[in-house]
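Before any comments, here is the structure.
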């Protein structure tokens with residue numbers, strides 16, 4: 001790939017120089033019809049025999065996902081809505097409200113319609129739709145969309161603003177060459193990314209399998225086994241025991257009732273309130289909710305201590321953290337449970353591994369009606385069963401898991417870094433080509 005023979009300043013700092021024979025155009029000079037959007041009325045959905053009705057969530061990874069449509073509308077409503085907006089093949093759908101900048105190009109001939117958060121751009125014969133689809137993905141275009149967006153309840157950009165945004169317009173023959181080149185190159189890059197994403201999935205599965213294996217079978221493959229009679233545990237080493245969570249704890253506690261910890265009680269300093277924010281990120285240093293000493297003394301039963309385990313019990317289902325050695329003194333909020341391991345019976349780190357394992361989650365889902373929006377309460381938590389080795393063996397298993405999972409996590413991190421670099425390269429390649437920094441053919 002080389003350079004064009006001569007360049008000129010585009011007039012836009014972010015674009016810089018463009019080939020001399022390229023021009024700068026407002027989008028409105030490149031469209032077949034005035035840029036439009038879907039109906040602003042909330043549609044009436046039908047149970048069956050209708051036409052798919054799409055909004056922002058239907059655009060996934062620059063593709064249309066019809067499974068994520070809002071619903072189906074009647075053929076009569078589709079006919080009425082189509083008077084304003086009727087998508088067809090090669091139309092570009094651009095999100096103008098909410099996730100401003102997400103886009104896709106229509107690649108199907110099937111009938112469907114769109115709601116008002118989506119705008120429709122139909123490129124005329126002066127341009128190639130796929131060329132502008134690529135251009136709209138560039139950092140330049142995404143940035144100017146954001147800069148020109150207003151914010152009410154959420155980011156949004158008006159149709160009049162979109163149609164006046166400036167883009168480059170190469171001769172149509174060059175647009176076709178660029179599209180052919182980018183189609184080939186991005187397909188290769190996307191295949192590489194997909195391969196690496198699959199590798200990460202396999203590594204994560206390997207990590208889960210490794211943990212499940214050693215916390216149920218131990219480290220000695222030649223040890224004598226016994227049947228537990230528990231389906232999700234199976235056989236365990238003969239000297240291990242099956243114990244319920246309630247037996248392994250000195251205390252199990254739910255957070256305070258919501259009425260006793262309202263936001264009106266919060267202060268700027270004092271005793272910290274720990275909630276899902278800290279547990280989800282596994283980071284006890286974040287967060288800035290506090291209560292006074294008087295309120296703390298009232299809710300002191302909910303105070304947390306080193307080596308206690310905190311569990312997210314509603315909403316973000318089953319996130320689990322171990323209270324570290326150093327943290328600000330405080331209490332849990334109503335969305336957490338805390339358990340105090342009996343350290344004569346179980347190492348807190350080992351308990352954490354068990355509670356985060358598939359053995360635990362299969363029981364969570366069974367008892368809490370399943371799904372990520374399930375609910376865990378103390379009664380459910382008390383019923384969980386685990387195979388427990390002696391304390392010394394627990395420590396050996398912890399050390400083994402820490403070493404092996406670090407090896408796997410390092411590989412995952414390496415593959416993710418490669419994916420990030422490939423995505424950066426893909427984005428850079430598109431920008432370099434659609435703005436004429438690189439020429440895709442040697443023809444002058």
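The values are calculated or read from the model by the stated rules, or taken from the named source; none is laboratory data. Bear in mind that the values here come from a model prediction, so they are computed numbers and not experimental data. Every residue, glycine among them, receives a Cβ derived from its backbone with ideal geometry; neighbour counts consider all protein chains shown.
Details
- Hey, residue 248 modelled with pLDDT of 95 or more and within 30 Å of the chain's Cα centre (by Cα) or not: no
- Only one entry in 217, 185, 196 is closer than 30 Å to residue 413 by Cβ, free of Cβ contacts under 8 Å to residues at least 40 places away in the same chain and surrounded by 13 or more Cβ atoms within 10 Å (Cβ to Cβ), namely 217.
- Picking from residues in segment 317-342 that are farther than 23 Å from residue 266 by Cα and out of contact with any strand residue (DSSP E or B) (no Cβ under 7 Å at 6 or more places or on another chain), the one that is surrounded by the fewest Cβ atoms within 10 Å (Cβ to Cβ) is 325.
- Helices (runs of 4 or more DSSP H) lying entirely in segment 124-178 (those with 1 or more residues that are under 24 Å from the mean Cα position of the chain (by Cα)): 129-136, 139-147
- Residue-level check: of (1) without any contact (Cβ under 8 Å) to a residue 40 or more places away in the chain; (2) assigned by TED's automatic domain parsing to the domain that holds residue 329; (3) touching a strand residue (DSSP E or B) at 6+ places or on another chain (Cβ under 9 Å), residue 246 misses just (1).
- Yes/no for residue 260 being surrounded by 14 or more Cβ atoms within 10 Å (Cβ to Cβ) and either farther than 25 Å from residue 346 by Cβ or in contact with a helix residue (DSSP H, G or I) (Cβ under 7 Å, 6 or more places away or on another chain) (or both): no
- Any hit, segment 425-432, residues being within 32 Å of the chain's Cα centre (by Cα), surrounded by fewer than 18 Cβ atoms within 10 Å (Cβ to Cβ) and free of Cβ contacts under 8 Å to residues at least 60 places away in the same chain: yes
- Subset of segment 81-96 [surrounded by 15 or more Cβ atoms within 10 Å (Cβ to Cβ), in contact (Cβ under 8 Å) with a residue 40 or more places away in the chain and within 22 Å of residue 45 (Cα to Cα)]: 81, 85
- Conditions (1) touching a helix residue (DSSP H, G or I) at 6+ places or on another chain (Cβ under 7 Å); (2) outside any helix (DSSP H, G or I); (3) farther than 20 Å from residue 249 by Cβ; number of the one not met by residue 331: (3)
- Residue 40 vs. criteria in contact (Cβ under 8 Å) with a residue 40 or more places away in the chain, in the same structural domain as residue 103 (by TED's automatic domain parsing) and under 34 Å from the mean Cα position of the chain (by Cα): yes
- Among the residues of segment 161-173, those identified as over 14 Å from residue 141 (Cβ atoms) and in contact (Cβ under 8 Å) with a residue 24 or more places away in the chain are 170, 171, 172.
- Residue 287 satisfies every condition listed in (1) under 30 Å from residue 390 (Cβ atoms); (2) modelled with pLDDT under 95 except (1).
- Considering residues of segment 97-114 that are farther than 15 Å from residue 63 by Cα and out of contact with any helix residue (DSSP H, G or I) (no Cβ under 6 Å at 6 or more places or on another chain) only, the residue surrounded by the fewest Cβ atoms within 10 Å (Cβ to Cβ): 111
- Failed condition for residue 26, given (1) out of contact with any helix residue (DSSP H, G or I) (no Cβ under 7 Å at 6 or more places or on another chain); (2) at pLDDT 90 or above; (3) over 20 Å from residue 110 (Cβ atoms); (4) surrounded by fewer than 18 Cβ atoms within 10 Å (Cβ to Cβ): (1)
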